[in-house]
Amino acid sequence: MKKIASFSVNHDILDRGIYLSRIDGDAVTYDIRMKKPNGGQYLSNGALHTIEHLLATYVRNSSYSDDIVYAGPMGCRTGFYLIVRDRISHTEALELMKQAFAFIAGFEGEIPGSQKAECGNYLEHDLAGAKQEAAAFLLMIQNLTDKTIYYKQSTEE
């Protein structure tokens, strides 16, 4: 079998940030990397799950809702994928992520979709952990631009 694109990214040099992962026709995938791969610290399941609910709810209720294809977690617990239609510019996608993580960092109240009838693992949520992770990531992404979204190819870049 062919190696898929996400396994071709050098995780030894990948750091936290927001990256353009791939473009498939009109679908653009962003790598929302909250934790350094293989760095020893990962998103807890509860925080990851809560961020997933809040992130998906936020982006699907934004002015870009018709162009959101998917927002969901990476199995390695280092971040999320955001898949959008190419009508959203890289600059707009970055701004949307900054707004979404600000929303998560400040969220109060009942987690959307967290009731037993709405969620397949409704007991495993951690709002406090999600807010803490989102606030830390928000600080890190504040100065990212459409010029900084490309993966490094080597440690010398």
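Values quoted throughout were computed directly from the atomic coordinates according to the rules given, and no laboratory measurement underlies them. From a predicted model like this one, the values you see are computed outputs, not experimental measurements. Every residue, glycine as well, gets a Cβ built from its backbone with ideal geometry; the counts of neighbours run over all protein chains shown.
Here Phe7, Phe107, Phe101 are placed in order of increasing Cβ neighbour count within 10 Å, fewest first, which gives Phe7, Phe107, Phe101. Between the Cα long axis of helix 90-105 and the first principal axis of the chain there is an angle of about 30°, rounded to the nearest 10.
Just to confirm the number: angle between the C-alpha axis of helix 127-141 and the first principal axis of the chain, 0 to 90 degrees, nearest 10? With rounding to tens, the tilt is 30 degrees. The calculated FRET efficiency for Ala102 paired with Ile13, based on their beta-carbon distance and R0 = 25 Å, is about 0.30. Charge dipole of segment 12-141 (Cα centre as origin; +1 on each Lys and Arg Cβ, -1 on each Asp and Glu Cβ, all else neutral): 260 debye, rounded to the nearest 20.
By other beta-carbon atoms within 10 Å, ranking Val59, Val9 with the fewest at the front produces Val9, Val59. Normalised by residue count, the chain yields a Cα convex hull volume of 134 Å³ per residue. From least to most packed, judged by other beta carbons within 10 angstrom and beginning with the fewest, His49, His90 follow the order His90, His49.
Projecting the Cα positions of Val84, Leu139, Ile51 onto the charge dipole of segment 12-141 (unit charges on Cβ atoms of Lys, Arg, Asp and Glu, taken about the Cα centre) puts Leu139 furthest along the positive direction. Normalised size of segment 98-157, defined as Cα radius of gyration per 2.2 N^0.38 Å with N residues, equals 1.54. Each listed q (0.17, 0.21, 0.22, 0.27 Å⁻¹) maps to a log10 I(q)/I(0) for segment 5-88 from the Debye sum over equal C-alpha point scatterers, namely -0.70, -1.01, -1.08, -1.35. Rounded to the nearest 500, the helix-only mean residue ellipticity at 222 nm of the chain stands at -10000 deg cm²/dmol, with each DSSP H run of n ≥ 4 adding -39,500 (n - 2.57).
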